[in-house]
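One structure is given below, encoded as structure tokens.
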Amino acid sequence: MPPSSPEAELKARIPIVVAALTAAGIVPTAASAAGPPPRAGTAGSWQPEAAAYGVSQPVDISVKMDDGVTISTEVVYPTDPATGARAAGDFPVLLTQNPYGTGHSDPTTAGDYFVQRGYIYVASAVRGTGASGGQVSWFGQRQGQDGAELVDWAAHTLAGSNGEVGLDGCSYLGVDQWFTAAAVGRNSALKAITPFCTDSNFYDDLTANGGIPTPFVAGIAQAEPRGPHDDPATDPQSVTIAQQATGGSRSYDDAYWRSLDAQRLMPQIVANRIPALSEAGWNDLFPGGDLGDYTAAQNAYFHRPLTAPITAGEPVTGRYQAIVGPWTHGENVDGTTLENIRLEWFDTWLKGEHTGMADTSTPLHLFENTAKQWVDTAAWPPSPSAQRYYLAGSGALANSKSSSAGSGTLTWAAASTANSLTYTTAPLTGSAVLDGPSDLTVYATSTTTDAELSATLNVVAPDGTVVKQADGVLLGSQRAVDPAQSLYGTGGVLLDPSHPFTRWSQQPVVPGRTTRYDISLLANFTLIPAGDRIQLVVTSQTPADFHFPVTPTPQEQANLAGGTYTVQFGGSTPSVLDLPLASPEQFTASPTDWGPSS
């Protein structure tokens with residue numbers, strides 16, 4: 001079984017990230033004390049049913065794909081608790097697609113809950129892993145096609161199936177659901193998916209941060225038991241690892257990564273009429289990673305630009321819902337509350353039960369940190385208003401721009417992350433809610449042809465306690481901004497800069513020239529009480545607690561080595577922090593418990 005808990009593994013970062021990713025998809029975590037209360041609405045009497053069936057031993061079945069490759073599966077059936085025999089009748093099927101091998105970590109354990117409530121649970125080993133044939137890839141069209149063929153098999157060939165299929169799973173086992181849902185076509189047997197612990201844009205979210213590659217793909221590769229026909233030297237995943245390490249095409253956001261951008265799949269998923277309930281955590285590998293999926297799905301449904309914000313009053317549908325809780329990667333996914341919620345989703349779409357879950361006009365469910373309450377909304381970000389803070393002398397983060405120019409200095413050194421500049425506001429006179437991503441615009445000079453600037457957003461309590469809220473990093477040569485894909489708040493304030501991160505958007509830093517850098521700080525949703533202070537820490541490299549480590553390529557390191565950055569504030573080129581801040585009165589507690597508050 002995979003070692004350790006997702007919480008400990010996330011803190012351990014790179015040395016244990018393989019175990020974290022493996023465990024997140026397949027190891028049950030501690031259950032919460034109680035399930036969700038009934039839904040408010042037209043059919044609010046739904047309650048999770050008690051376990052009515054036993055669980056069979058796994059049945060091994062091989063399924064041949066259209067290209068002759070054989071996919072290995074384990075099937076678990078509902079049984080008669082009195083006799084242990086397979087239960088009479090036909091049942092809907094839940095399918096999970098696991099890159100860690102069906103026999104590697106017993107992924108059907110998490111499926112027992114659903115089997116006991118009248119579902120057949122199928123765990124397949126992703127192509128090229130476990131006992132499955134073929135070459136392992138990295139999500140993508142082929143895995144989507146395999147998923148579509150498995151759905152068809154589960155609906156029309158698998159003994160005991162009633163022809164209705166759903167997809168289940170967390171982390172990798174969640175992400176590949178998007179590709180399957182895009183590949184099944186119209187009028188498919190696939191009726192609903194629950195892509196939990198997922199992200200939206202794999203280049204920006206996990207395989208690179210700020211244009212700098214991470215060890216994420218290499219970590220995944222170490223965790224996957226290679227199948228009998230996979231050659232690790234030539235499989236697409238190994239090609240990616242090699243190119244990222246050497247600065248090849250896949251170290252940029254090239255066509256390969258764009259083909260793996262889940263947001264781009266949403267028009268096809270919507271056209272295929274596949275409802276989706278996604279989930280992520282504010283302390284996840286990529287905090288709030290499913291928010292891009294949520295907005296893209298809602299926008300695709302209503303024929304709006306995929307990455308546009310959803311503003312208050314715009315139409316939304318209950319077919320595409322998202323949960324973002326106060327959790328690390330995979331935390332609480334197989335606890336009672338989130339299992340009940342997934343059951344309700346599947347009962348709604350696969351069993352036709354009138355749960356009322358799909359009738360909501362507020363399909364985005366966010367945990368408001370510090371306030372410790374769930375909030376149901378539709379808009380993302382919830383409020384477009386922003387507060388501008390200016391970096392100033394004596395470490396101040398001020399509400400107004402100073403006419404006096406000043407500067408601070410950072411130095412890039414491969415073995416050091418201690419060099420930093422800290423700026424802090426005065427205590428807030430009133431409470432405010434940080435409700436979205438934010439932008440730090442830095443004006444700086446560099447002594448080298450590239451720069452690495454990182455920023456951490458904190459809240460400081462009156463007693464001095466510091467709580468991290470968000471972070472971000474940017475490679476200076478990838479500073480170009482695409483306005484069409486960026487997020488702006490009221491008055492045209494930039495809140496989430498979108499960088500192309502391509503080879504062609506790359507432009508060297510001119511030593512000694514004052515240059516603008518827009519650093520995207522990750523989204524959060526947290527109450528900042530009156531009396532607390534907002535703090536910004538700017539560093540020359542990512543700090544030890546950065547949400548995911550970065551590993552500059554050899555060429556990037558050569559361009560960064562020994563660089564000194566002079567960060568400017570005040571005067572004609574003021575460095576500024578733009579924060580989305582809303583009134584606490586805008587948000588009320590949800591009547592639904594969407595998961596544990598820790």
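Structure notes:
- So VAL537, is it open to solvent by 20 Å² or more (accessible area, probe 1.4 Å) and either touching a Ser or Thr at 6+ places or on another chain (Cβ under 7 Å) or within 14 Å of LEU453 (Cα to Cα) (or both): yes
- Residues located in segment 337-358, provided they are over 15 Å from VAL115 (Cα atoms) and open to solvent by 10 Å² or more (accessible area, probe 1.4 Å): THR348, TRP349, GLY352, GLU353, HIS354, GLY356, ALA358
- Members of segment 374-395 found to be open to solvent by 30 Å² or more (accessible area, probe 1.4 Å) and either farther than 18 Å from LEU581 by Cβ or free of Cβ contacts under 8 Å to residues at least 12 places away in the same chain (or both), listed by number: ASP376, GLY393, SER394
- Scan of segment 459-469 for residues that are within 13 Å of THR424 (Cα to Cα) and surrounded by 21 or more Cβ atoms within 10 Å (Cβ to Cβ), ordered by number: VAL459
- GLY169 falls short on exactly one of the conditions (1) of a type outside the set (Lys, Arg); (2) at positive phi; (3) open to solvent by less than 20 Å² (accessible area, probe 1.4 Å); (4) part of a loop (DSSP other than H, G, I, E, B), and that condition is (4).
- Condition check for GLY134: open to solvent by less than 30 Å² (accessible area, probe 1.4 Å) and either of a type outside the set (A, V, I, L, M, F, W, C) or at pLDDT 90 or above (or both): yes
- Some residue of segment 309-328 being surrounded by 20 or more Cβ atoms within 10 Å (Cβ to Cβ), assigned to a loop (DSSP other than H, G, I, E, B) and touching a Cys at 6+ places or on another chain (Cβ under 7 Å): no
- Number of residues in segment 247-264 that are without any contact (Cβ under 8 Å) to a residue 60 or more places away in the chain and not hydrophobic (A, V, I, L, M, F, W, C) equals 5.
- Verdict on ALA413 being closer than 26 Å to VAL550 by Cα, surrounded by fewer than 20 Cβ atoms within 10 Å (Cβ to Cβ), touching a Ser or Thr at 6+ places or on another chain (Cβ under 8 Å) and without any contact (Cβ under 8 Å) to a residue 40 or more places away in the chain: no
- Of the residues THR445, THR456, the single one that is out of contact with any helix residue (DSSP H, G or I) (no Cβ under 8 Å at 6 or more places or on another chain) and buried (at least 24 other Cβ atoms within 10 Å of the Cβ) is THR456.
- Every pair of residues 6+ apart whose Cβ atoms lie under 8 Å, when the first sits in segment 542-565 and is surrounded by 15 or more Cβ atoms within 10 Å (Cβ to Cβ) while the second is basic (Lys, Arg) and in a loop (DSSP other than H, G, I, E, B): PHE548/ARG13; PRO549/ARG13
- Hits in segment 346-392 - residues which are more than 22 Å from the chain's Cα centre (by Cα), assigned to a strand (DSSP E or B), modelled with pLDDT of 95 or more and of a type in the set (A, V, I, L, M): LEU391
- Exactly one residue out of ALA189, ALA218, ALA233 is free of Cβ contacts under 8 Å to residues at least 40 places away in the same chain and surrounded by fewer than 17 Cβ atoms within 10 Å (Cβ to Cβ): that is ALA233.
- Selection count where residues are open to solvent by less than 20 Å² (accessible area, probe 1.4 Å) and not β-branched (Val, Ile, Thr), scope segment 254-286: 16
- Enumeration of residues in segment 545-598 that are in a loop (DSSP other than H, G, I, E, B), more than 28 Å from the chain's Cα centre (by Cα) and of a type in the set (A, V, I, L, M, F, W, C): ALA561
- The residue that is nearest to the chain's Cα centre (by Cα), counting only those in segment 416-442 that are aliphatic (A, V, I, L, M), under 28 Å from GLN586 (Cα atoms) and open to solvent by 10 Å² or more (accessible area, probe 1.4 Å), is ALA432.
The values are calculated or read from the model by the stated rules, or taken from the named source; none is laboratory data. Every value quoted in this text rests on a predicted model; they were computed, and no experiment measured them. All Cβ positions, even for glycine, are placed from backbone atoms using ideal geometry, and neighbour counts span all protein chains on display. The protein model used for the area step is the full one, side chains on, heavy atoms only, and it has no ligands, DNA or RNA in it. Shrake-Rupley method; radii C 1.70, N 1.55, O 1.52, S 1.80 Å.
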